[in-house]
1. Please go through region 26-44 and give me each residue that is within 16 Å of residue 13 (Cβ to Cβ) and either surrounded by fewer than 16 Cβ atoms within 10 Å (Cβ to Cβ) or acidic (Asp, Glu) (or both), ordered by number.
2. Do any residues in region 36-55 that are under 10 Å from residue 22 (Cβ atoms) have Cβ atoms under 7 Å from those of residues that are among the charged types (D, E, K, R) and surrounded by 15 or more Cβ atoms within 10 Å (Cβ to Cβ), where the two are at least six apart or on different chains, and which pairs are they?
3. Can you pull out the residues in region 35-47 that are touching a helix residue (DSSP H, G or I) at 6+ places or on another chain (Cβ under 6 Å) and assigned to a helix (DSSP H, G or I)?
Amino acid sequence: MGRKYNVQEKAWLESNANGINHIAQCVICQNKGYDEKKLASAKSEIFIGLMKKHFHPIELDQNMYCSECEGMKG
């Protein structure tokens, strides 16, 4: 399940502090990705391209569970 930021992702986030505002994380598996709804509001096409290069999209429900973990609700 989940994964830590790889070296490239971590370095990019450290140099682009605004990027962290667009990252979403599942509370169960800790899988990280970009929030497509938040990313749509970004003004820079370069920023959007870099987010898509370094991260994958992730959708979370209201409980902050990704689609893979939704079945684990208790």
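1. Passing the criteria: 30, 35, 38, 44.
2. Here the result reads 55/9; 55/32, each pair linking region 36-55 to a residue that is among the charged types (D, E, K, R) and surrounded by 15 or more Cβ atoms within 10 Å (Cβ to Cβ).
3. Hits for region 35-47 are 38, 39.
Laboratory data are not the source of any read-out in this text; all were calculated from the coordinates shown. Just so we're clear, the structure is a prediction, and the values are computed from it rather than from any experiment. No Cβ is skipped: glycine too gets one built from the backbone with ideal geometry, and neighbour counts run over all protein chains shown.
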